Amino acid sequence: MTDTNFDLSRRSFLDRVLMAAAGAGMTAAAPWAAIAAGTAAATSDRVRIGVIGTGDRGRTLIQNINKTRNCMVAAICDNYEPHLTKARPYVGANTPVYADHRAMLEKGGLDALVIATPLNLHAKHVLDGFDAGLHVWCEKAMARTIPDCSAMVKRSQDSRKILQIGHQRMFHPTYLNALRRAKAGEIGSLTQIRASWHRNNSWRRPVPAGVSDRQINWRLYRDSSAGLMTELATHQLQVGNWFFDAVPTRVMGSGSICFWKDGREVYDHVALIYEYAGGRKLIYTSLLNNARYGCEEQIQGSKGTIEPELGRIFQEVPPKVLALQRMQKDVARGKKRAVPIGGATWFPELPVTTPGESLGWGEYDETMLQFEGFGEAVRANRALPGLLAQAYAASVASLLGEQAMDRGEALTWPTSLVTI
Amino acid sequence: MAVPIPTDVERFMAMGTRIELHRFGAAGADDALLAARRAIEAVDDALTIHRPSATTALNERLLAGETAPVDDPVLFDALVAIDAVHEATFGLFDPAADRRFAVAGWRGIIFDRAAARLCATTPVAFDFGGFGKGFALDRAGAVLRAAGIVSACLSAGESSIAVIGEHPLGGGWPFAVPHPSDPDDSLVQVELIDQSLSISATVGAGTAAPDRAAMLRPDDRAVITAPRCAVAVARTGALAEAMSTALLVADPERADRLIDQDRANRFLFDLPCATARASSARMALQ
Ligand SMILES: NC(=O)c1ccc[n+]([C@@H]2O[C@H](COP(=O)([O-])OP(=O)(O)OC[C@H]3O[C@@H](n4cnc5c(N)ncnc54)[C@H](O)[C@@H]3O)[C@@H](O)[C@H]2O)c1
């Protein structure tokens with residue numbers, strides 16, 4: 001893409017975010033969006049970022065940081081040399097490269113950290129960042145345990161440094177537009193969200209010589225990950241909390257290693273119910289051996305449904321009244337006969353297959369926008385409002401879900417969380 | 001060949017049922033059906049008791065024994081209409097009747113129109129039920145007429161029908177009310193012009209719906225379980241709904257009086273033998 005093309009698509013992307021963020025009720029529901037999309041013009045005084053973890057996600061993040069107008073990658077760090085090698089082409093030739101994040105922190109010259117390491121290392125890397133006086137942007141999920149999530153929030157508050165977590169859906173124009181339309185009442189009152197992330201692959205990465213399976217496939221082991229819950233469900237639990245404008249009151253669930261019995265420790269099959277005040281529910285399933293229903297949040301209201309991954313909104317369309325349809329045909333044929341009426345007012349429902357309406361589609365740079373927002377926050381030394389509370393609740397929900405499945409018990413929302 | 005008559009349909013869910021608005025002919029504003037839909041949704045929003053609404057707020061006040069202001073204009077108009085149809089049905093249509101409270105009901109409510117407020121001598125709560133559908137179709141009809149529509153058929157859950165003007169091919173709109181337990185047979189046929197039709201029954205597919213409230217006679221709180229079907233045609237949907245409900249719950253004496261008032265438009269059938277109660281109604285069947 002040429003620079004001009006990128007500027008144009010960037011403008012239309014930002015316009016869409018701003019348009020969605022301007023809807024009624026959106027200032028309260030997504031206060032970060034307008035601030036991030038309203039970021040001032042390019043600045044020579046960019047926020048200097050050190051990236052820890054240049055694996056798959058870290059490299060994507062670097063490319064997105066490079067697209068921003070107010071941030072730059074000033075150093076990279078990974079303790080696995082092949083991943084540093086892969087990341088080097090995306091940074092300037094003079095960008096310092098580290099194998100140990102402590103050396104990077106000691107060297108200085110940074111304003112902020114971006115963390116894309118395995119889940120169990122997030123807390124340590126984040127806290128080390130705060131200790132070094134830096135602001136921190138960390139990938140989701142926040143941490144491996146709820147106390148670690150809380151410690152990260154607490155330390156950010158105590159050190160008055162920004163902590164932002166990578167939940168890019170909060171910057172996605174389709175999601176923002178979906179929320180705007182839900183807030184406008186277009187799908188009625190929301191009572192249920194049916195969310196799923198279904199894949200059909202082992203989720204296992206090939207392990208090169210000289211490294212351990214646990215290092216490469218950290219997602220599959222309990223020390224380092226809660227598996228589907230922290231890696232996938234967090235995103236969708238965030239969406240659920242966001243649309244319900246609440247955190248769950250209780251969660252129950254069942255998890256199993258059902259298909260990939262290959263020595264992994266995390267479930268490859270999870271099914272959970274998150275309850276929300278007023279009887280609302282988020283029903284969640286994730287599995288790794290059937291991709292028919294893919295990744296989606298079906299946000300269900302009394303007047304319609306939103307499927308943001310698909311980018312569509314569906315109105316509840318009742319099946320046609322056959323007698324009235326016949327009347328239409330009769331009139332077209334110039335025929336008049338009695339319309340039988342007063343039959344069933346109740347009918348068993350079949351799945352509806354109407355195409356719905358688009359919520360807007362296109363090339364989106366929501367991950368880039370997260371960083372422009374972060375850069376803005378760092379400059380102002382003021383976190384984007386609302387973001388951390390969303391991320392904290394999503395991580396807690398995913399970890400609480402894991403506990404509920406492990407224990408086979410319904411668990412209530414913890415009362416000991418840090419207030420944001 | 002005749003030029004086809006333009007038609008347009010709006011289908012949606014509201015008032016807990018499926019609504020269809022069929023417009024015929026080229027006359028009238030393009031967005032009339034959508035405006036009519038919005039009018040029905042506004043009635044649903046105001047009168048529903050299944051989610052927070054002006055009606056649930058009113059009910060909370062009345063149940064707490066407090067005087068309740070009626071700020072919502074749609075709810076206010078509905079109460080005005082109810083006052084009229086309660087009278088017209090000898091009190092048999094009563095959206096404030098309650099099995100739990102012996103003396104509850106519209107009669108125990110003081111509706112101060114000038115001050116737009118209600119107070120009740122005993123705890124009461126409104127459940128507008130089918131009346132809401134007729135009232136909503138009235139408001140949608142008013143919107144369509146104001147938009148210049150001259151021929152339309154509005155249906156709310158098939159048991160509430162309203163027509164605007166004549167049938168697109170001229171003359172009345174013919175409807176047949178099927179026998180609830182034998183769809184091939186009909187109880188009665190009617191022709192409507194600028195009128196509304198309401199059907200109430202204690203049997204048939206509709207009554208099997210989950211959560212359907214029992215039919216209640218307001219004064220002695222008798223629950224009507226006998227197989228019956230009542231049909232009423234009236235100038236307004238509000239009156240048609242109230243009348244079919246009233247006929248269904250009426251004792252024999254008041255049923256006869258109501259039918260005698262308007263023999264061509266009020267029918268009551270005791271099922272399964274489908275004999276009409278009043279001889280006039282039976283004649284209308286022939
Ligand atoms: N937001 C999203 O959509 C999204 C998508 C994918 C991954 N992620 C998140 O990004 C994070 C990383 O995931 P990934 O797929 O890139 O994993 P990965 O295994 O590909 O990358 C992790 C990197 O961290 C490095 N690392 C491990 N320990 C380290 C240490 N002590 N110091 C420095 N580097 C160290 C590893 O060598 C590796 O290169 C996870 O938290 C994951 O949940 C988020």
Exercise. Counting only residues that are hydroxyl-bearing (Ser, Thr, Tyr), surrounded by fewer than 24 Cβ atoms within 10 Å (Cβ to Cβ) and either within 16 Å of the ligand (Cβ to nearest atom) or not in a strand (DSSP E or B) (or both), how many does the stretch A:175-191 have?
Worked result: 1
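Within 12 Å of chain A (Cβ to nearest Cβ), in a strand (DSSP E or B) and without any contact (Cβ under 8 Å) to a residue 60 or more places away in the chain: does that describe B:Val3?
Values: within 12 Å of chain A (Cβ to nearest Cβ): yes; in a strand (DSSP E or B): no; without any contact (Cβ under 8 Å) to a residue 60 or more places away in the chain: yes.
Here the answer is no, as B:Val3 does not meet what is asked.
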For this session: Might you check whether a residue that is in contact (Cβ under 8 Å) with a residue 40 or more places away in the chain, more than 27 Å from A:Arg379 (Cβ to Cβ) and either away from the ligand (no atom under 15 Å from the Cβ) or surrounded by fewer than 21 Cβ atoms within 10 Å (Cβ to Cβ) (or both) occurs anywhere in the stretch A:149-165?
Result: yes
Exercise. Which of (1) in contact with a helix residue (DSSP H, G or I) (Cβ under 9 Å, 6 or more places away or on another chain); (2) within 14 Å of another protein chain (Cβ to nearest Cβ) is the odd one out, the single condition B:Ala120 does not satisfy?
Worked result: (2)
Seminar exercise, completed: Of A:Arg102, A:Arg169, the only residue that is more than 17 Å from A:Leu388 (Cβ to Cβ), within 14 Å of the ligand (Cβ to nearest atom), at pLDDT 95 or above and of a type in the set (Lys, Arg) is A:Arg102
Problem set entry | Failed item in (1) out of contact with any strand residue (DSSP E or B) (no Cβ under 7 Å at 6 or more places or on another chain); (2) of a type outside the set (Asp, Glu); (3) within 16 Å of the ligand (Cβ to nearest atom); (4) more than 19 Å from A:Asp223 (Cα to Cα), with A:Thr145 passing the rest | (4)
Exercise. In a helix (DSSP H, G or I), within 14 Å of another protein chain (Cβ to nearest Cβ), modelled with pLDDT of 95 or more and surrounded by 17 or more Cβ atoms within 10 Å (Cβ to Cβ): does that describe B:Arg23?
Worked result: no
Seminar exercise, completed: Apart from one, (1) in contact with a helix residue (DSSP H, G or I) (Cβ under 8 Å, 6 or more places away or on another chain); (2) near the ligand (Cβ under 9 Å from one of its atoms); (3) among the charged types (D, E, K, R) all hold for A:Arg57; the odd one out is (1)
For this session: Run B:Asp260 past the list (1) touching a Leu at 6+ places or on another chain (Cβ under 8 Å); (2) at pLDDT 95 or above; (3) not hydrophobic (A, V, I, L, M, F, W, C) and report the number of the one that doesn't hold.
Result: (1)
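Test of understanding: among B:Arg38, B:Arg11, which residue is within 10 Å of chain A (Cβ to nearest Cβ), within 21 Å of the chain's Cα centre (by Cα), of a type in the set (Lys, Arg) and farther than 15 Å from B:Phe126 by Cβ?
Values: B:Arg38 fails: within 10 Å of chain A (Cβ to nearest Cβ).
Matching residue, one of B:Arg38, B:Arg11: B:Arg11.
Can you confirm whether the stretch A:36-50 contains a residue that is within 14 Å of the ligand (Cβ to nearest atom), of a type outside the set (Phe, Trp, Tyr) and buried (at least 16 other Cβ atoms within 10 Å of the Cβ)? Don't jump to the end; show me each part of the working.
As a first pass, look at the stretch A:36-50 and keep what is within 14 Å of the ligand (Cβ to nearest atom): A:50.
After this cut, where a residue has to be of a type outside the set (Phe, Trp, Tyr) as well, the list is A:50.
Okay, now just the ones that are also buried (at least 16 other Cβ atoms within 10 Å of the Cβ), so A:50.
Yes.
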For this session: Only residues that are assigned to a loop (DSSP other than H, G, I, E, B), under 21 Å from A:Leu228 (Cα atoms) and polar (S, T, N, Q): list them for the stretch A:283-311, please.
Result: A:Asn290
Exercise. Is it true that some residue in the stretch A:217-225 is in contact with a strand residue (DSSP E or B) (Cβ under 8 Å, 6 or more places away or on another chain) and not in a loop (DSSP other than H, G, I, E, B)?
Worked result: no
Exercise. Residues in the stretch B:264-281: is at least one assigned to a helix (DSSP H, G or I), away from chain A (no Cβ under 14 Å) and at pLDDT 95 or above?
Worked result: no
For this session: Would you be able to say whether some residue in the stretch A:223-242 is out of contact with any His (no Cβ under 9 Å at 6 or more places or on another chain), within 30 Å of B:Asp45 (Cα to Cα) and more than 16 Å from the ligand (Cβ to nearest atom)?
Result: yes
Problem set entry | Hits in the stretch B:1-20 (condition: more than 28 Å from B:Gly130 (Cα to Cα) and either polar (S, T, N, Q) or exposed (fewer than 15 other Cβ atoms within 10 Å of the Cβ) (or both)) | B:Met1, B:Ala2, B:Val3, B:Pro4, B:Pro6
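Give, as residue ranges, the strands (runs of 3 or more DSSP E) completely inside the stretch A:46-148 that count at least 2 residues that are touching a residue at least 60 places away in the same chain (Cβ under 8 Å).
Working: elements: A:47-52, A:71-77, A:112-115, A:135-139.
Fully inside the stretch A:46-148 and qualifying: A:47-52, A:112-115, A:135-139.
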For this session: Give the stretch A:75-93 a look and list any residue that's more than 11 Å from the ligand (Cβ to nearest atom) and within 24 Å of A:Val378 (Cα to Cα), or say none.
Result: A:Ala75, A:Tyr90, A:Val91, A:Gly92
Seminar exercise, completed: Within the stretch B:132-175, residues over 21 Å from B:Arg38 (Cβ atoms) and away from chain A (no Cβ under 13 Å) come out as B:Gly165
Exercise. Just checking, how many residues over the stretch B:207-224 are buried (at least 22 other Cβ atoms within 10 Å of the Cβ) and either at pLDDT 90 or above or facing chain A (nearest Cβ under 9 Å) (or both)?
Worked result: 0
Exercise. Take the residues of the stretch A:226-261 that are surrounded by fewer than 21 Cβ atoms within 10 Å (Cβ to Cβ) and in a loop (DSSP other than H, G, I, E, B): which is farthest from the chain's Cα centre (by Cα)?
Worked result: A:Lys261
Exercise. Under the condition of being crowded, with 19+ Cβ neighbours inside 10 Å and in contact (Cβ under 8 Å) with a residue 40 or more places away in the chain, which residue from the stretch B:49-60 is nearest to the other protein chains (Cβ to nearest Cβ)?
Worked result: B:Thr55
Problem set entry | Selection from the stretch A:262-282 of residues that are among the basic types (Lys, Arg) and either outside any loop (DSSP other than H, G, I, E, B) or at pLDDT below 95 (or both) | A:Arg280, A:Lys281
Exercise. Mind checking whether some residue in the stretch A:192-213 is under 27 Å from A:Glu81 (Cβ atoms), over 21 Å from the mean Cα position of the chain (by Cα) and assigned to a helix (DSSP H, G or I)?
Worked result: yes
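The values are calculated or read from the model by the stated rules, or taken from the named source; none is laboratory data. All values reported here derive from a predicted model rather than from experimental measurement. Reconstructed Cβ throughout: ideal geometry from the backbone, glycine too, with neighbour counts over all protein chains shown.
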